[in-house]
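So the structure is just underneath, and the comments pick up after that.
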Amino acid sequence: MVDNADVPRVVSASREIAACAERIFELIAEPSQQPGWDGNDNLVEAAPGQRVRRVGDVFAMKLTLGSIRNNHVVESEEGHPRRSTGSPSSPKAISR
């Protein structure tokens with residue numbers, strides 16, 4: 001039997017949302033709003049005042065297990081949710 005525990009697994013999903021692009025961008029750009037719509041229920045809170053404005057921004061999220069995850073903005077264009085992408089820090093960078 002082969003143990004695949006160390007093999008990264010990528011999962012993706014999509015959903016159509018009946019909202020204008022500007023509204024979606026506002027939800028994404030304001031990290032303090034994300035725990036309210038997080039479909040994974042793994043976000044507890046993000047401090048206000050961390051609005052995503054440009055590539056290179058970093059915002060911190062408190063996770064349900066108590067750790068803090070720093071998210072790095074790798075693509076962003078104000079008002080365009082399709083151009084806003086964040087990358088969570090590596091597991092080694094998560095702090096408690």
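A few notes on this one:
- Under-5 Å amide H pairs with Val44, H placed in peptide plane, nonlocal only: Lys62, Leu63, Thr64
- Listed values for the stretch 4-13 are Karplus-derived 3J(HN,Hα) couplings in whole Hz (6.51 cos²θ - 1.76 cosθ + 1.60, θ = phi - 60°), namely 9, 4, 8, 8, x, 10, 10, 10, 10, 8, and x replaces Gly and Pro.
- Integer Hz, Karplus 6.51/-1.76/1.60 couplings in order for the stretch 51-61, x for Gly and Pro: 3, 6, 10, 7, 4, x, 4, 10, 10, 9, 10
No lab work stands behind these numbers, since they all come straight from the coordinates. All values reported here derive from a predicted model rather than from experimental measurement.
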